[in-house]
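What follows is a short report on a single structure.
A short reminder: the numbers here are calculations on the coordinates, not readings from a lab. Since we're looking at a predicted model, the values are computed, not measured. Here the Cβ positions follow ideal geometry from the backbone for every residue, glycine too, while neighbour counts run over all protein chains shown.
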Amino acid sequence: MSKSHFKPVLALALMGTLALTACASTAGDSTSEAEAPITIGVLLPLTGPLSTLGKEMQNGYEVARTLFNEAGGVDGRQIEFQVSDAPTPEDAVSVAGTLSTDPDVTAIMGSYSSSIAIPASAVASRNQMPYWETGSVAAATTDRGLSHLYRTVISAAMPAYSNATQEFISKVAAPALESSPDELRFGLVFEDGAYGTSASDQFKALAGTEGYNLVATESYAANTNDLTSVIERLKAAKIDVLYSVPNINDAILLTQQSAALGFKPAYTLGNGTGYTSVDFIAAVGDTADGLVVADAAPLNISDSLLSADLSPTYSEFITAYEEQIGRKPLTHATLGYVGATVLFQEVLSKAETLDADGIVAAAEAVDLGPGETVASFGVKFDETGQNERAGWFFMQYQEGELVTIYPTALASGQ
């Protein structure tokens with residue numbers, strides 16, 4: 001064979017070898033990508049005054065991730081978290097900027113507090129990163145028309161929020177006081193941040209619509225260390241029903257100082273958050289007994305009240321949480337678990353692609369009915385990204401434990 005023939009043959013052989021190598025490399029990359037973990041950015045206040053419930057929500061995420069990964073993940077791909085601490089709104093902006101521009105992050109999940117969720121979701125939306133909110137209830141979270149934002153919990157602006165409160169007052173609170181709502185003297189106290197302001201605005205609107213006699217309204221900074229003057233004014237107003245919207249540490253302060261000053265309305269209706277933290281229970285003890293707390297997830301409900309197809313079941317969630325965390329979950333852990341589970345099972349597992357467009361399309365297709373989450377509410381997002389099937393539930397401290405008392409169908413106590 002002459003050299004003139006040898007060179008092309010050698011070239012062809014080399015090309016074939018390179019092609020096979022390239023194919024093998026591509027196949028290897030494909031296999032690697034198919035098996036690679038899916039990274040979710042977690043943005044929560046894990047230090048500072050909001051950290052108690054930030055950590056509680058993180059516990060719910062971790063239990064959801066454990067159960068989902070044990071069940072096989074997304075076609076064998078495991079969920080991993082990239083956890084970032086965002087204790088302030090300024091930190092939320094910075095962390096959201098970092099996570100939403102990280103090519104390894106598929107979506108961001110957070111953030112418990114409205115003061116964190118509002119700025120963080122704005123940054124994520126601007127960078128077209130899916131943002132999955134599992135805790136904030138302030139209306140402004142989803143009322144801004146942001147893209148790529150989905151909230152699994154109730155908004156304070158939803159009719160379900162105010163309707164549930166109106167029903168509870170008329171069907172439970174007023175009869176317990178042997179009165180009618182229009183005969184009662186109401187007081188309102190709230191922290192003046194995004195959460196407290198949004199929730200209190202809704203109660204003021206409800207009071208106006210229903211004709212409640214709102215005789216006292218007091219606001220304060222959530223970082224205050226003395227509520228004596230606020231409590232004294234509320235006490236002087238001779239209130240029958242106090243509607244209270246504190247955050248975490250101020251819920252403890254308000255309860256302890258009210259007891260010390262002898263301020264105990266016939267009925268206190270607390271708006272979630274600080275009233276459902278482990279710190280609150282530890283700090284106030286049996287002083288909390290009788291306190292009614294409204295929040296976005298019920299506690300201690302029966303499997304029989306939920307869908308027979310729900311998996312994991314409520315009992316399995318409780319067992320897994322106790323094994324992993326060492327105690328029963330409270331509302332924010334439950335909300336974190338529900339939000340994360342919906343993201344894993346209904347969005348990531350069903351998305352045609354795991355880029356932003358694929359996740360948005362899958363999120364918009366979520367359609368869970370009542371009883372198809374462990375918090376009993378369904379999930380379907382409206383055009384703003386708000387879950388229009390989210391609920392609002394009422395519990396009462398009885399012997400140091402929160403017991404669901406309304407809606408009646410979910411009640412585990414009276």
* To do: List Ser115, Ser155 from most exposed to least, where exposure is judged by having the fewest other Cβ atoms within 10 Å.
  => Ser115, Ser155
* Structure fact -> Ranked output for segments 303-315, 79-91, 127-139 by mean other Cβ atoms within 10 Å, highest leading, reads 127-139, 79-91, 303-315
* To do: Please find the FRET efficiency linking Ala176 to Ala260, where r is the Cβ-Cβ separation and R0 is fixed at 30 Å, and quote it to the nearest 0.05.
  => 0.75
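Suppose the chain between Glu183 and Glu90 were pulled fully straight at 0.36 nm per residue; how much longer would it get relative to their current alpha carbon spacing?
Values: separation 93, 0.36 × 93 = 33.48 nm, distance 4.51 nm.
Extra length from Glu183 to Glu90 when fully extended: 29.0 nm.
As an exercise, use a Förster radius of 41 Å and the Cβ-Cβ distance of Asp303 and Glu352 to find the FRET efficiency, rounded to the nearest 0.05.
Result of the calculation: an efficiency of 0.80.
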* Structure fact -> Kirkwood Rh over alpha-carbon pairs of the chain plugged into Stokes-Einstein at 20 °C, 1.002 mPa s gives a D in µm²/s of 94
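Whole number please: convex hull volume per residue of the Cα set in the stretch 299-348, in Å³?
Once divided by residue count, the hull of the stretch 299-348 is 76 Å³.
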* Asked: Among Gln58, Gln396, Gln324, which one shows the biggest mean-square fluctuation in a GNM of the chain, springs joining Cα atoms closer than 10 Å?
  -> Gln324
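How about the stretch 142-179: which trypsin sites (Lys or Arg not before Pro) there are in a DSSP loop, with at most 16 other Cβ atoms within 10 Å of their Cβ?
Working: sites: Arg144, Arg151, Lys171; in loops: Arg144.
Within the stretch 142-179, the qualifying trypsin sites (Lys or Arg not before Pro) (loop, at most 16 other Cβ atoms within 10 Å) are Arg144.
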* Considering only the chain, what is the antiparallel percent among its DSSP beta bridges, to the nearest 5? -> 25
* Asked: How big is the Kirkwood radius of the stretch 159-295, worked out from every pair of different alpha carbons and given in Å to one decimal?
  -> 14.9
* Asked: How much net charge surrounds Lys204 when only the other residues with a Cβ under 13 Å from the Cβ of Lys204 are counted, with Lys and Arg +1 and Asp and Glu -1?
  -> -3
* Please order Leu261, Leu67, Leu43, Leu234 by the number of other Cβ within 10 Å, starting at the fewest. => Leu261, Leu67, Leu234, Leu43
* **Positive-end residue, the chain charge dipole about Cα centroid, Cβ charges, pick of Ala92, Ser51, Tyr220** => Ala92
* Asked: Which whole-number percent gives the relative contact order of the chain, counting Cα pairs below 8 Å spaced six or more residues apart?
  -> 17
* Structure fact -> Taking Cα atoms, the helix 194-210 axis meets the longest principal axis of the chain at an angle in degrees (rounded to 10) of 50
* Structure fact -> If amide H atoms are modeled at 1.01 Å from N in the peptide plane, then the residues at a separation of 5 or more from Leu242, or on another chain, having amide H under 5 Å from its own are Gly187, Tyr267, Thr268, Leu269
* **Residue-span extension gain [Thr224 to Ala236] - 0.36 nm each, minus C-alpha spacing** => 2.2 nm
* To do: Considering only Gly72, Gly336, Gly97, give the residue with the highest GNM mean-square fluctuation for the chain, with springs between Cα atoms whenever their separation is below 10 Å.
  => Gly72
* **Under 5 Å, built H, 5+ apart or other chain: amide partners of Gly48** => none
